[in-house]
Amino acid sequence: MKYVEIRQAFTDFFKSHKHELVESSGLVPMNDPTLMFTNAGMNQFKDVFLGTDQRPYNRAVTIQKCLRAGGKHNDLENVGFTARHHTFFEMMGNFSFGDYFKKEAIGLAWSFLTETLKIPKERLYVTVFTTDDEAAEIWEKQIGIPKEKIFRYGEKDNFWRMGKTGPCGPCSEIFYDHNPSGPQIPIHEDEDRFVEIWNLVFMQFFEDESGNQSPLPSPSVDTGAGIERIAAAMQGCKDNYQCDIFQPLIQKACDVAGIENNWQKLAQNSETLGAVKVVSDHARTAAFLISEGVLPSNEGKGYVLRRIMRRAIRYARKLNDKQSLYPQVCEEVIATMAPHYPILKEKEDFILNAVRAEEKRFLQTLDNGSEILIEEIKKFKSQGLSELPGQAAVTLYDTYGFPFDLTELIAKEHGMTVNIKDFEKNMEALKDLARKAHKSHNISSNEKHLGEWTQSLTPSDFVGYEQLNVQSELLSLSDGETTVPTLTDSGWLVFKSTPFYAEGGGQVADQGHIYDAKTNRMVGQVKDVKKMNEVVLHYVALESEIKPGETYLLKVDHSDRQATANNHSATHLLNASLKHVLGDHVNQAGSLVNSQKLRFDFNHSKALTPDEIQRVEQLLNEQIAGAFPVAQTVMGQKEAIAAGATAMFGEKYADEVRVISMGSMTDAKSFSMELCGGTHVSNTSQIRLCKILSETGVAAGVRRIEAITGTAAFEYLNRLAEENMGARQLLNERVPGVDDGDQLDGQLILSIEDLKTKVKRLEKELQQQKAASVSIEDITSSAEEKSLLGEPGLALFTRVAISDRNLMSDVVDKIRDKHQRIAMVLIGESEDDKPRPMIVAVSKDLKKLHAGKITKELCSVMDGKGGGRPDFAQGSIGNIDKLNAAKDRFNELLES
């Protein structure tokens, strides 16, 4: 049975048993700070199991995208070199929310496996929790599993917990025997033969902080079956990578690598087989994560993705070091998986551009970093050491983005280990300052308390769309660590109703004040507003004591709200304008909206041209000038999407959504139509004007625009006009008039360019005069006699009063003409606060000293960067205070 058929059979089976088919949630969990990635089918139902969310169904079936890239059972380094380890996989699951329990769950699983899939019963074994006699009896008495095929295990293997406290319960696992003719042995003795294909979790207890378990009033069921493992079983494969899920990817990798996709032949070389498996698995992970907007970076989710991608790229290079391979396998992932996940096809260009950019970036890093690492390894091995200091790995990571696991791998290939404790200590030191600065009233530092507190409160009534001032009863107080009866300092306040917008959707929180409703005396300033469990939390700096039960006047800062609304509505118009000018592939990748500016990140593979920026800005301002009303409509989510509303991928929306529509109408659709819970203007004319300030790149395939609106935009343009007129006056240029029809003719720019050319020519002449006055004899007077490659020579390390690199090169040539065996380092002067230039050169018969490698070593000492040929190299110096240390290192390199 093929992969596609298994998928369809699973959902059809459970739909026929009254289960609601629920779409897979994203790999990036929404509203769950405890998870980096979705790693199980139950993640999207977590709140349902906790009792804080209700669904219109009590039975569900899903095929969930999952990602596991760490942990004791899924070490990334194992992926590709075992039969069943994956980073990305799909978890088929059925769920009961207080409906059926053990008997039905076991019966459904057995029926699907043995009747629908027709797996021979003799190939199946089961496990139960040590004390779960109920499940064991169901398997033996009702299903008919022989007692010797039912194994009991303890908490490590057969008991599941959601967390330190909360729902928990025993589980029962179903195992598939890949060798039924083998001897009858306990299943844990041969993990390659006996493979777990389904896990049934029975949530029947609630566990408190003391470990006490009490029965849940409505026990539930959570199951998970890895589709890759079931496909392997159904297709007679002992290795998941042999099944039809992976074969198109492995075929593509083999085609590009120029090797035959013959499993028996591939298996004869574990490195080659491991490489094609790594590339295939990691191509799936990259395609799916990038489709959700995750991009390679040096922290958080982006760092996990970067580690996975770079591992794949390195193995792809081992398969073919002449041709790019990894992006082509990612393209095959899109072709094979898009029928089930259309977002892959919609984001195809974005995904592939991001993969190609990371490959290009990493191959450069790989070349530079590997070269430096190997030199470091040689240095420490020459000292008789077998362990590389952790600081060396930190420097490679911090300076070159060289991943630690790659440093470990290359060190291992050269017979060395890396001091992990030293690495972790130095990495911790790098992050320490940022960690200390992060300590604030941020909600994450008190997540547990605030979460529990808000769960006990009724949802807040937000009235801020219609009102900015409202009287409301204070319901509860917290100092951030516990609820309190009164408060006199700073803390979190919850009111029955509020006009304050809580931070969300890229929009910052409202600012404002709280007053005593009776005396109209100000009692506090609202500094921040958050929302948890539908409860609005106000972080307030108080000036007098307050207590629950009293009524207070809540006032939002009107000018701050209006400016923020201007920027938020302009962001929607900007998004629509970008789609009109660049194409429908443009999608929001992030945003920030406050009262000062708007920042909009979007998917696009290259920088915008000046003409494109001008067209976007013109189109946007035409919509503003059109004075179009802004409509706010509440409708069903599916209805809104069908009507053409734009939704941000991965964002969690309720069944009823708020749709913001604005701008001119085309084919009965507004210029801009988005799902949004933020605050907006009532008419586009209120924005008045929008001016784009910058367009930059923030990651591979992601661009960023920053802009201002309203008064800020007018003031900005006025300042530019004043500076323009002032510059014209200084240059004696005529200011164009209006009466005679003069237009800005570009003469000011031409005059400035002419002036810059003159200045540059004069500076060059000055440098040439300096160079002419430089005495080669004076420069080389500090040269020291040394043994260079076993014969006498000169070593020169000195500063010169020249900033021009070309002139410094001339000086180097003159020195080499006079001295046949010399190794030299010349460091120039800084110009306009730029890094100081450095040139390293050696005589042609001393090429083995390699000027390029010496340059990299010295740059790492002086916080710079550089490289070059064996006989000539250049660099830039960041810290001249480390000059003496660099000179010492230079002498060490010559001696070694």
Item to complete: Take the Cβ-Cβ distance between ILE749 and ALA627 as r, set R0 to 22 Å, and report the resulting FRET efficiency rounded to the nearest 0.05.
Response: 0.05
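Calculate, for THR116 and LYS164, the FRET efficiency according to 1/(1 + (r/R0)^6) with r their C-beta to C-beta distance and R0 45 Å; round to the nearest 0.05.
0.75
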Worksheet item: Given a Förster distance of 30 angstrom, what is the FRET efficiency for GLU271 paired with HIS414, based on the Cβ-Cβ distance and rounded to 0.05?
Response: 0.95
Worksheet, complete the sentence: In whole angstrom, the spacing between the Cα centers of segment 716-732 and segment 387-428 equals 54 Å
Worksheet entry | Length-normalised contact order of segment 615-665 in % [C-alpha pairs under 8 Å, at least 6 apart] | 51 percent
Worksheet item: To the nearest 20 debye, what is the magnitude of the charge dipole of the chain about its Cα centre, counting +1 on the Cβ of each Lys and Arg and -1 on the Cβ of each Asp and Glu?
Response: 1500 debye
Worksheet item: What is the magnitude of the charge dipole of segment 597-751 about its Cα centre, with +1 placed on the Cβ of each Lys and Arg, -1 on the Cβ of each Asp and Glu, and no other charges, expressed in debye to the nearest 20?
Response: 500 debye
Worksheet item: Length gain on complete extension for the stretch LYS378 to ARG7, per 0.36 nm per residue less the alpha carbon to alpha carbon distance?
Response: 128.3 nm
Fill in: Portion, in percent, of the accessible area of the chain that falls on carbon or sulfur, probe 1.4 Å
48 percent
Worksheet item: For the pair ASP489 and GLN213, how long in nm is the line joining their label points, each one 7 Å along Cα→Cβ?
Response: 4.2 nm
Practice prompt. Please name which of VAL811, PRO835, ILE854 has its Cα lying farthest along the dipole of segment 789-883 towards the positive end, using unit charges on Cβ (Lys, Arg +1; Asp, Glu -1) and the Cα centre as origin.
Written response: ILE854
Item to complete: Give, in nm to one decimal, the length gained when the segment between GLU639 and SER664 is fully stretched (0.36 nm per residue of separation minus the Cα-Cα distance).
Response: 6.9 nm
Item to complete: Give the relative contact order (percent, whole number) for the chain; include only Cα pairs under 8 Å separated by 6+ residues.
Response: 6 percent
Response to the item:
Of all DSSP beta bridges with both partners in the chain, the antiparallel percent, nearest 5, is 85 percent
Discussion item. Over the chain, with the other protein chains present, what is the accessible area per residue in square angstrom, probe 1.4 angstrom?
Written reply: 48 Å²
Worksheet item: Which entries in LYS322/LYS360; LYS345/LYS669; LYS265/LYS412 show an alpha-carbon gap greater than 21 Å?
Response: LYS345/LYS669; LYS265/LYS412
Worksheet item: Which shape class, rounded, prolate or oblate, goes with segment 563-686 when its Cα gyration tensor gives a ≥ b ≥ c as root eigenvalues, a/c under 1.5 marks rounded, and past that a/b bigger than b/c marks prolate?
Response: rounded
Worksheet entry | From the coordinates shown, Cα extents along the principal axes in Å corresponds to which of [x] 88, 82, 60; [y] 88, 70, 51; [z] 101, 80, 57 | [z]
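Indicate, rounded to the nearest 5 percent, the antiparallel portion of the DSSP beta bridges found entirely in segment 748-853. Before the final figure, lay out the partial values.
Numbers: 10 of 16 bridges.
In segment 748-853, DSSP labels about 60 percent of beta bridges as antiparallel.
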Worksheet, complete the sentence: Cα-Cα longer than 23 Å, checked against LYS770/LYS844; LYS2/LYS118; LYS65/LYS579; LYS15/LYS149; LYS378/LYS814; LYS156/LYS421, kept in input order, equals LYS770/LYS844; LYS65/LYS579; LYS15/LYS149; LYS378/LYS814; LYS156/LYS421
Worksheet item: How far, in nm, would the chain grow between LYS156 and ASP192 when pulled straight, counting 0.36 nm per residue and subtracting the alpha carbon separation?
Response: 11.0 nm
Worksheet item: For the chain, what is the calculated [θ] at 222 nm in deg cm²/dmol (nearest 500), taking -39500 (n - 2.57) for each run of four or more DSSP H residues and dividing by its residue count?
Response: -12000 deg cm²/dmol
Worksheet item: With point charges of +1 on the Cβ of Lys and Arg and -1 on the Cβ of Asp and Glu, referenced to the Cα centre of segment 474-531, which listed residue (ASN520, GLY506, VAL484) lies farthest in the positive direction of the dipole?
Response: ASN520
Item to complete: Anything over 19 Å Cα to Cα? Flag those among LYS606/LYS834; LYS448/LYS530; LYS46/LYS103; LYS379/LYS882, in the order listed.
Response: LYS606/LYS834; LYS46/LYS103; LYS379/LYS882
Discussion item. Averaging the inverse of every distinct alpha carbon separation and then flipping it gives the Kirkwood radius. What is it for segment 176-328, in angstrom units?
Written reply: 18.7 Å
Fill in: C-alpha center-to-center spacing [segment 856-896, segment 193-260] in angstrom
52 Å
Item to complete: Note down the nm distance, to one decimal, between modelled labels 7 Å out along Cα→Cβ at GLU23 and at ASP133.
Response: 4.8 nm
Worksheet item: Name the trypsin sites (Lys or Arg not before Pro) in segment 308-373 that are in a loop by DSSP and that have at most 10 other C-beta atoms within 10 Å, would you?
Response: LYS322
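The values are calculated or read from the model by the stated rules, or taken from the named source; none is laboratory data. From a predicted model like this one, the values you see are computed outputs, not experimental measurements. Cβ sites come from the backbone with ideal geometry, for glycine too, and all protein chains shown count toward neighbours. To get the accessible areas, we keep the full protein, side chains included, count just its heavy atoms, and leave off ligands, DNA and RNA. Shrake-Rupley method; radii C 1.70, N 1.55, O 1.52, S 1.80 Å.
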